[in-house]
Structures are given as C-alpha cells and as structure tokens.
1. Give the Rg (one decimal place) followed by the Dmax (whole number) of the stretch 29-172, computed from C-alpha coordinates and expressed in Å.
2. Give me the extension gain from ALA43 to LYS151: residue separation times 0.36 nm, minus the current Cα-Cα distance, reported in nm with one decimal.
3. Given a cut-off of under 8 Å on Cα pairs at least six residues apart, what relative contact order in percent is computed for the stretch 29-172?
4. Over the stretch 29-172, with the other protein chains present, what is the accessible area per residue in square angstrom, probe 1.4 angstrom?
5. Give me the distance in nm between label points sitting 7 Å out from Cα along the Cα-to-Cβ direction at HIS33 and THR60, one decimal.
6. Arrange the peptides 98-106, 130-138 so that the one whose residues have, on average, the most other Cβ atoms within 10 Å appears first.
7. Once the convex hull of the alpha carbons of the stretch 60-142 is built, what does its volume come to per residue, in cubic angstrom?
8. With charges only on Cβ, +1 for K and R and -1 for D and E, what is the dipole size of the stretch 29-172 about its Cα centre, in debye, rounded to 20?
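The values are calculated or read from the model by the stated rules, or taken from the named source; none is laboratory data. Source: prediction; values computed, not measured. Using ideal geometry, Cβ is built from the backbone for each residue, glycine included, and neighbour counts are taken over all protein chains shown. For accessibility, only protein heavy atoms count, side chains too; no ligands or nucleic acids. Shrake-Rupley method; radii C 1.70, N 1.55, O 1.52, S 1.80 Å.
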Amino acid sequence: MVAARCASLVLMLLLSCCGAASAAADEKLTHLHFYFHEVVAGAPNATVVKVASLHKGAPTFGDVNVLDNVLREGPDPASRLIGRVQGFGVNASLDGSSIFSAFDFVFSSDYGEYSGSTLTAQGQFDPTGGPSERSIVGGTGKLRFARGYMKSRLVSSTNTTIVVVVDMYFTLAH
C-alpha cells in the first residue's frame, strides 16, 4: 500500500514537472532595443536630480538620485520618442563600484503593441559606463507578468547629456 502511494506521488511529480517544462518551452522570448537619453542634474531641463546626499561634491555611498529620462528609438536626440524611464538609483556600495537602480519603462501611447504598457527592471548599474545587467521583474498592460533581463551600456556622454543603449529580453507568463 505504501509503495503504491509512493509510486502515485512520483508519477504526479513527474507529470507536473513535464507540464511546467512544456509551458516554459511555449513562451516566446521578446527582444526590445532602444536608447534612454538623460540630461544631467544642474543642466537646463535636467531629467535626473540628486534628492539625498550626506556629502557635498562627488557621488558617494548613500546618495539617492531620481530620474525621468526620455526613451527613443535611436541614439539621436531627434529620433522617435517611444516613452520614458522613471525610477531611482542609490549609491549602495561603499567603494562606489555600483549603483542599485529600479526603473519603470513607460511606453508611449503610440508604441504599437506595447502602447501604454510598462516594464519594471531592477539591479546593479556600473557607474563607469561599462555594461550592466538587471532583472526584469514585471510589467503592466500587455507586458503583465514579464520576466527576463535587461542589458545596458553607455553610448555617449557630454557635460550635460548621457545616452545609454538598452536591450531587454523577456517572456510573458500566460
């Protein structure tokens, strides 16, 4: 009797694992590619501001910045507007080697299939401009239940602007 119950339990576990693997195999990986354009604090029409700091001068541990950057199809500031990236960054490492960030990518009402939807990403950002990878932890609208990852890297910077290329890879759970 015990052996029969164990066999039934093993069979149920195997079937549930196969079902989960089959559902995961059916999910389509989506790739979005765009650029965010930032106007640094202190410049006219700044899109990022430091809201908390214990020190004057250079960025240090504990600083908090809030941003509302423009999302565009290309690196050119005149390229098509597709939305905004809104969120914050915290200098969370004592040595200044990384910044924790949390962003909502808010897509414009004319961004095709994803109009009015959002993706949320969080994770570490390399302030030296090197490549960074963050987790996509969710979304809204057509992007509800999104999960995946985002890669970004600095494309260009001036005294007043920064342009970052963003590649997002995600699936949607149904």
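1. Rg and Dmax of the stretch 29-172, Cα atoms, are 14.8, 45 Å.
2. Working: separation 108, 0.36 × 108 = 38.88 nm, distance 2.69 nm.
Taking 0.36 nm per residue and subtracting the Cα distance, the gain is 36.2 nm.
3. Values: 394 pairs, mean separation 32.3, N = 144.
Worked out over the stretch 29-172, it gives 22 percent.
4. Values: 7460 Å² over 144 residues.
Each residue of the stretch 29-172 exposes 52 Å² on average to a 1.4 Å probe.
5. Here the modelled spin labels are 4.2 nm apart.
6. 98-106, 130-138
7. Details: hull volume 8.4 nm³, N = 83.
Enclosed volume per residue, from the Cα hull, is 101 Å³.
8. On the way: 11 positive and 12 negative charges, 35 e Å.
With Lys and Arg at +1 and Asp and Glu at -1, about 160 debye.
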